[in-house]
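The values are calculated or read from the model by the stated rules, or taken from the named source; none is laboratory data. Every value quoted in this text rests on a predicted model; they were computed, and no experiment measured them. Glycine gets a Cβ as well: all are built from the backbone with ideal geometry, and neighbour counts include every protein chain shown. What goes into the accessible areas is simple: the full protein's heavy atoms, side chains included, and nothing from ligands, DNA or RNA. Shrake-Rupley method; radii C 1.70, N 1.55, O 1.52, S 1.80 Å.
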Amino acid sequence: MSDVRHVLVLPDRDAAEEVAEELGDRFGVSEEPQLVRDALAGEDDAEDAQWLVVVEDPSGRLDSSALDAFAAEYEGWLETP
């Protein structure tokens, strides 16, 4: 089975950091999620940047719909591959 990577899109850094911390408790994610700042195309203002939380899921055991619902609690969503 190939490695699965989930990308959660969050509205700001604070939300992304909270989600990254909560992932371990809620989903048992052992590997530290990666936070990535994603500036929206054509936007110069840093305030318009979204933040991505990249979760490696090598065993493919995380439930996509549960992750999407979790991200929605922080006004975010799960990016579909």
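Observations, loosely collected:
- When we screen VAL9, VAL19, VAL53, VAL29 for residues that are at pLDDT below 95 and either of a type in the set (A, V, I, L, M, F, W, C) or part of a helix (DSSP H, G or I) (or both), the only hit is VAL29.
- Close pairs from segment 50-67: first open to solvent by less than 60 Å² (accessible area, probe 1.4 Å), partner in a helix (DSSP H, G or I) and β-branched (Val, Ile, Thr), Cβ under 6 Å, at least 6 apart: VAL53/VAL19
- Evaluated against (1) at pLDDT 90 or above; (2) open to solvent by 80 Å² or more (accessible area, probe 1.4 Å), GLU43 falls short on exactly one condition, (1).
- Segment 1-39 - residue that is in contact (Cβ under 8 Å) with a residue 60 or more places away in the chain and in contact with a helix residue (DSSP H, G or I) (Cβ under 8 Å, 6 or more places away or on another chain) and, of those, farthest from SER65 (Cα to Cα): LEU10
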